[in-house]
Amino acid sequence: MHRIMNVIRRMTVIHLALVGSLLSAADAPKRPNIVVIVADDLGYADLGFQGGTDIPTPHINSLVANGARFTNGYVSGPYCSPTRAGLLTGRYQQRFGHEFNPGGEGPAAAGRSEQGLPLSETTIANRFKEAGYATGLVGKWHLGSSPPFHPQKRGFDEFFGFLGGSHTYFNKGTASIWRGTEKHAEPTYLTAAFGREAVSFIDRHQANPFFLYLAFNAVHTPMEAEAVSLDKFAAITDSQRKTYAAMLSAMDDAVGKVLQKLGESRLDENTLIFFISDNGGPTMRGTTINGSINTPLRGSKRTTLEGGIRVPFALQWKGHIPAGTVFNQPVIQLDIQPTALAAAGVEINPEWKLDGVNLLPFITGKATGSPHETLYWRLGKQNAIRHGDWKLVQYDLNVESSPTKEVSQKKLYHLTKDIGESVDLAAQYPDTVKELETLWQSWDRQLAKPLW
């Protein structure tokens, strides 16, 4: 009898321990989902929250209404692939030689198959996958098209999109989109298809934490829009601007579908969402102009002027970031990885040598000051440094296909007083020029030579 009672006691203790463990797991807060949305070649002034008035973007606008807007948001490259390399690694892409765009798909990429995000680099998808997250990429990759660089070799469980730098929006039944490692004939307008696939990913992974990288090719050329979207903008008489407006509106609709799915699934308060553009709008001669507007910035995609590197930048995490927050200190897309990892409770190892900063303490007021005292840029002969309110820049004068041919002299601008970089103060403040040049040279010495 005594033995039976001891067995019953032990079983009761084990049962209570199991129940306690299950209750503890149920009570533990679920790790947040992470969604990173990237627009392609979006103009600085084209969204409603950036002051745009002719193209309604209610769904993208809602991210800042319910979260934070960064008025000094930057990217580390003035065009597509370098920015993406920096975003996915959390490191200045020049550190590992990814300074220029790699080759894409097809015959034009002949001889460039080894160009892509170096295999020595760890991506944000790798880190979230290791942390137990489902990881998915929907949209544009542009970080290498040969098998070793495939997204599913770089930490993504799932991939739906294209590997190169641009893509038509109407596929006309041709198998030109990838679903995983298989070609897929996509009949739907591509922006809408990307929205559909993002919703599907969320739907299939809503029971567990996920990381979704939604990289639209809108509003990159070719300029192609559906008639139903064009009809919304009959009042716009410029045909290129009208098509651009229709393309941006379609992207906003796709973002809206994603936000709607998060809300219906009761995930919106447990999802951290980032929104940026990969660079400024291509507005200057020598670029493939898409009808975008960068006002009040000077410059364009492919330049180190503000118009090339300063972008719309938003962050939403309901219940954690106060709605309507406006943050005026400089931030950069390199900050996305450490911010997302911190939100997920993933400890950042100093050996990763991330250049980005966790923005959450700064947004919530737990930390004061600026996340970055200094930001840096290099694209061939073009270069720039922002230190406090001062910017020293040397930029492409022609914006030609090779962004290294003819550059300006060093120019000094005070950005809080002169966001349009119209008054060069280099002659008036030679000591400031020298200070910034010394800082930039010190950073430059840490960088690798471009791999291509």
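Derivation of every value follows stated rules applied to the coordinates shown; laboratory data play no part. Quick caveat, the model's predicted, so the values are computed rather than measured. Heads up, the Cβs are rebuilt from the backbone with ideal geometry, glycines too, and the neighbour counts pull from every protein chain shown.
Around L447, under 15 Å between beta carbons, what's the net of Lys plus Arg minus Asp minus Glu among the other residues?
Numbers: positive: R91, R95, K353, R378, K381, R445, K449; negative: E99, E121, D355, D444.
Here the count lands on +3.
Rounded to the nearest 500, what is the chain's calculated 222 nm mean residue ellipticity when only DSSP H runs of at least 4 contribute -39500 (n - 2.57) each, over all residues? Spell out each step's value before the answer.
Numbers: 11 runs with 129 residues, N = 452.
Roughly -9000 deg cm²/dmol at 222 nm, from the helical runs in the chain.
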Semi-axes of the equivalent ellipsoid for segment 352-452, Cα gyration tensor, largest first, Å: 25, 20, 13
30 Å Cα-Cα threshold exceeded, pairs from K366/K449; K30/K153; K261/K301; K140/K366; K30/K301; K366/K411: K366/K449; K261/K301; K140/K366; K30/K301; K366/K411
Kirkwood Rh (inverse of mean 1/r, distinct Cα pairs), the chain, angstrom: 22.9
Net +/- balance of residues flanking H320 in space, Cβ distance below 14 Å, scoring K and R +1, D and E -1: +2
Contour minus Cα-Cα distance for R204 and Y429 (0.36 nm per residue): 75.2 nm
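Let me check I've understood the local charge: for P151, count other residues with C-beta under 12 angstrom from its C-beta, Lys and Arg +1, Asp and Glu -1. What total comes out? Present the calculation step by step, with values, prior to reporting the outcome.
On the way: positive: R84, K129, K140, K153, R154, R179; negative: D157, E158.
My count for the surroundings of P151 gives +4.
Among the complete DSSP H segments of the chain, which ones combine at least 15 Å of alpha-carbon extent along their axis with a mean Kyte-Doolittle hydropathy of -0.5 or more?
Those that clear 15 Å and a mean of -0.5 are 2-27, 190-205, 239-264.
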Net length gained if the chain between Q329 and H184 were fully extended (0.36 nm per residue, minus Cα distance): 47.9 nm
Full-extension gain in nm, K30 to K366, via 0.36 nm per residue minus C-alpha separation: 118.7 nm
Under 18 Å from the Cα of K434 - aspartates and glutamates, other chains or at least 8 residues apart: E373, D389, D424, D444
